[in-house]
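So the structure is just underneath, and the comments pick up after that.
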Amino acid sequence: MKIIKKILCVVAAGLVCCTFIGNAAEAKKIKVLIVTGDDVAVHPWREVSTVTRDILTESGKFDVRVSEDPCILESANALKAYDVIYLAMYNATLPTLSDIAKNNLVAYIRGGKGFVVSHLSSASFKEWDEFKKICGRYWVMGKSGHGPRSVFKAKIANKEHPITKGLDDFEQDDELYAKLEGNDPITILVTADSDWSKKTEPLAFILQYGNGKVFHHTFGHDGKALSNATVRKLIVRGTEWAARGTVD
C-alpha cells in the first residue's frame, strides 16, 4: 500500500509539474491584438486578418486575438494585456479615431510595446500627423500607388538583422507599393524595383518610436499574397521583434 501511495504521489507531482510547465510556456507566448475592419471594399480585410492570425498562431509563438472594431484602442486597460498591436485595416472614415484612442496608442508604443503596420494600414487615420511618424512611411491617396498586381522580385536589403537573417530574395505575387511618403529614420529590410515609380521601394522596414518598436511591411493584398513562405516568415519574425526586440 505504501509503495502504491508513493507511486501515486510521484505521478501527481509529475502532473502538477507538467501543468506548471505548460502554463509557463503558454504565459511566455507573445500576446497579439490584430485590429482590422473598415476597409470600404478595397481589400478582403476579414480574409487577410484571418490568414494573418493563422500565420502567427501556427508558429507556436503567439496568442492572438482579433478585434474588428478600432474602438478597442479607447481602452487603455484592454491594451495592457497585449505585447504588440498588429494593424490590418484601412480606416477610411472621418473622424478615424477618438482622441482617447489616439493618446492610448501613442502611450502604448512609446511605453515600450510593439506595433506592426501592414499593407494599406499606413493610409489609416489620415488626419493624424503623429500616426505618420509611427508608421515611418505612409500611403497618401493620390500620390502613393502601384502598378498592376504581378509577380515581382523582392530583395533582402539587410541580411544581418534578426528579422531577415538567413532569408533569400524571393518572388512575390502582390501589389508592389511605391511612393510612400515620410522622412523619419527607418532601417530598410526588404526592397523591390518598381516599374511604376521607376525606383527601388522599401517593402519592409523597422523603426523606433519612443521605447517601442515598429515593424512595417507592405505585403498582403489578400490571402494569396500572404501564402508566400518568406512573407510568412517575415510576419512572424517582424511581429516577434516588435514585441520583444529579439527573434528566437
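Every read-out reported here was derived from the displayed coordinates using simple, explicitly stated rules and does not represent laboratory data. Computed from a predicted structure; not experimentally measured. Neighbour counts run over all protein chains shown; Cβ positions are idealised from the backbone, glycine included.
Can you compute the modelled spin-label distance between Ile100 and Cys71, with each label point 7 Å from Cα toward Cβ, in nm?
According to this spin-label approximation, the distance is 1.0 nm.
What whole-number distance in Å separates the alpha-carbon centres of segment 165-186 and segment 117-146?
So the two Cα centres are separated by 15 Å.
With labels modelled as points extended 7 Å from the Cα through the Cβ direction, what inter-label distance (nm, one decimal) is found for Ser227 paired with Arg46?
With each label placed 7 Å out from Cα toward Cβ, I get 2.1 nm.
Find out how many positive minus negative residues lie around Val66, taking Lys and Arg as positive, Asp and Glu as negative, among other residues whose Cβ is under 13 Å from that of Val66.
Neighbourhood net charge equals -1.
Structure shown: which of Lys28/Lys155; Lys113/Lys155; Lys126/Lys233; Lys80/Lys213; Lys159/Lys213 lie over 21 Å apart, alpha-carbon to alpha-carbon?
Lys28/Lys155; Lys113/Lys155; Lys126/Lys233
Label point 7 Å out from Asn211 along Cα-to-Cβ: which residues of segment 62-102 have amide N under 17 Å?
Residues 77, 79-85 fall inside that zone.
Taking the chain as the reference, fit the longest principal axis to its C-alpha atoms, fit the long axis of helix 99-110 to the helix C-alpha atoms, and give the angle between the two in degrees, 0 to 90, nearest 10.
70 degrees
For each of Val247, Val236, Val116, count neighbouring Cβ atoms within 10 Å of the residue's Cβ, then give the residues from fewest to most.
Ranked by crowding around the Cβ, least crowded first: Val247, Val236, Val116.
In nm, to one decimal, how far is the modelled label at Asp168 from the one at Lys199, with both set 7 Å along Cα→Cβ?
Inter-label distance under the simple model: 3.1 nm.
For the chain, find the longest principal axis of its Cα atoms and tell me its angle to the long axis of helix 2-28, 0 to 90°, nearest 10.
Taking Cα atoms only, the helix is inclined about 10 degrees.
For Cα pairs less than 8 Å apart in space and 6+ apart in sequence, what is the mean separation divided by the residue count of segment 84-207, i.e. the relative contact order in percent?
Rounded, it is 21 percent for segment 84-207.
If I stretch the segment between Lys31 and Ala107 completely, what's the gain in nm (0.36 nm per residue apart, minus their alpha carbon distance), one decimal?
Numbers: separation 76, 0.36 × 76 = 27.36 nm, distance 1.76 nm.
Taking 0.36 nm per residue and subtracting the Cα distance, the gain is 25.6 nm.
For a quick size check, give me the Cα extents of segment 144-191 along its three principal axes, largest first, whole Å.
In descending order, the Cα extents are 31, 28, 10 Å.
Tell me, what ³J(HN,Hα) does each residue in segment 192-205 have, in order and in whole Hz, if you take phi through Karplus 6.51 cos²θ - 1.76 cosθ + 1.60 with θ = phi - 60° and put x for Gly and Pro?
Result, ordered by residue: 7, 8, 9, 5, 6, 9, 6, 9, 7, 10, x, 10, 8, 7 Hz.
Using only the alpha carbon atoms of the chain, find the Kirkwood hydrodynamic radius as the inverse mean reciprocal pair distance, in angstroms to one decimal. Let's see the in-between values first.
Working: mean 1/r = 0.0526 Å⁻¹.
Computed over Cα pairs of the chain, the Kirkwood hydrodynamic radius comes out at 19.0 Å.
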